[in-house]
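Read through the structure below, which is laid out as structure tokens, and then see the notes.
The numbers here are math on the coordinates, done by the rules we state, and not lab data. This one's a predicted model, so the numbers in the text were calculated from it and none came from an experiment. For neighbour counting, all protein chains shown are included, and Cβ atoms are generated from backbone atoms with ideal geometry for every residue, glycine included.
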Amino acid sequence: MLSQETITLVKSSYKAVTDARPELFEDFYTRLFVIAPEVRVLFPNRPREQAVKLEAMLQLALSSLDAPEALTPLLHKLGFAHVAYGVQEKHYIVVGEVLLDTLAAQAGDLWTAEVSAAWFAVVNFIASTMIDGARAMAA
């Protein structure tokens, strides 16, 4: 499970980055579609609309990290829903990498090794929980 230090680092760095760069999630999709253009078909909404959805989901996930037992069912359902969109397990890797790269680029000096490790742990938790949900509900 995630340590309190990890949760604190992620929440504080998220607030700092999004306060300074409200367009962070639009930047994320721009980067994602350049790095992995094949995933563009998985996102039927306009990038701005998709950015709003991602931001809301990430805010909900981060606000619930202290109570993962409440967050897990939501992430399972979200993972299952993403199967219908055509999302495959390999897509979670590229999305996670691009999200971390985008955060790092926007955070500047705030992005320390500790912050990077904390974000990696949280993104891995979210992705693996969504994948578990997709597998369980699809079986």
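For region 95-110, putting each phi into the Karplus relation 6.51 cos²θ - 1.76 cosθ + 1.60 with θ = phi - 60° gives couplings of 5, x, 4, 5, 4, 4, 5, 5, 4, 4, 5, 7, 7, x, 5, 5 Hz, in residue order, rounded to whole numbers and with x for Gly and Pro. Available extension along the chain between ASP66 and ALA136 is 22.8 nm, counting 0.36 nm per residue and deducting the alpha carbon span. The alpha-carbon of LYS90 sits under 20 angstrom from the alpha-carbons of these aspartates and glutamates, leaving out residues fewer than 8 places away in its chain: GLU38, ASP101, ASP132.
Each residue of region 6-20 was assigned a 3J(HN,Hα) from its phi angle through the Karplus expression (A = 6.51, B = -1.76, C = 1.60, θ = phi - 60°), giving 4, 4, 5, 4, 5, 4, 5, 5, 4, 4, 4, 6, 6, 5, 7 Hz with x at Gly and Pro. For the chain, a/c is not less than 1.5, where a ≥ b ≥ c are the root eigenvalues of the C-alpha gyration tensor, and a/b does not top b/c. That puts it in the oblate class. Counting only lysines at least 8 places from LYS15 when in the same chain, those with an alpha carbon closer than 20 Å to its own are LYS53.
Rounded to the nearest 20 debye, the dipole magnitude of region 4-138 is 420 debye, with +1 charges on Lys and Arg beta carbons, -1 on Asp and Glu beta carbons, and the Cα centre as origin.
Positive end of the dipole of the chain (Cβ unit charges, origin at the Cα centre): among LEU99, LEU78, SER12, the Cα lying farthest that way belongs to LEU78.
The GluC sites (Glu not before Pro) of region 1-104 meeting both criteria, a DSSP state outside H, G, I, E and B (loop) and at most 12 other C-beta atoms within 10 angstrom of the site's C-beta, are GLU23.
Model label points for PHE43 and ALA81, set 7 angstrom from Cα along the Cα-to-Cβ axis, are 1.7 nm apart. Ranking of ASP101, ASP19 by neighbouring Cβ atoms within 10 Å, starting from the fewest: ASP19, ASP101.
Taking label positions 7 Å along the Cα-Cβ direction at both GLU55 and ILE93, the computed distance is 3.1 nm, reported to one decimal.
Using 0.36 nm per residue and subtracting the Cα-Cα separation, the extra length available between ASN124 and ILE35 on full extension is 30.1 nm.
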